[in-house]
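Here the structure comes first, spelled out in structure tokens, and everything after it is commentary.
What follows is calculated from the coordinates using simple rules that are stated; it is not laboratory data. Everything quoted here is computed from the prediction, not taken from an experiment. All Cβ positions, glycine included, derive from the backbone under ideal geometry; neighbour counts span all protein chains shown.
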Amino acid sequence: MENSELNNNQLQTHQVEKQFYEVAPRCDRILRDYARPNHFEEESSVRRPPIAANNFAIRTGLIQTIQQSCQFTGDASEDPHTHLIGFLELVETCRYNGVTTDVIRLRLFPFSLKGEAKTWLQSLPRGSITT
């Protein structure tokens, strides 16, 4: 009788595992892999130069302003030069001690794109946009 119960438990365990792997396929990652830094930051097409200033942070209000007032989607009816002029005018309004305007521009530029334009930016080689 114990042998029969043992076989029954193994069969049930096997069925549960089978159902689990149908929903969540097994992956060959180990626990240590989940502790590694996120690879998305490394794959950005915009190179983020180092910042010498302590306490540098771009306020979310500025990011929201860019997203609301100067978004470029890549639509044929939009002029990319007009977008860049508007983006640069907006970014020129902020200054941070010890931070160059290029650093601020590079960090904010991805927020000014959406849709096909954002897809284009993400398709560029890693670190290819440097200024």
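Of note:
- Computed over the range 89-131, Kirkwood Rh from alpha-carbon pairs, angstrom: 11.6
- Over all other residues within a Cβ to Cβ distance under 12 Å of PRO49, the charged ones net out to +3, with Lys and Arg as +1 and Asp and Glu as -1.
- Sites GLU89 and ILE51, calculated FRET efficiency, Cβ-Cβ separation with R0 35 Å, nearest 0.05: 0.95
- Within the shell of other residues whose beta carbon sits under 12 angstrom from the beta carbon of ALA117, the net charge comes to -1, with Lys and Arg scored +1 and Asp and Glu -1.
- Here the peptides 86-95, 106-115, 56-65 are ranked by packing, the mean other Cβ count within 10 Å, and the order with the highest first is 106-115, 86-95, 56-65.
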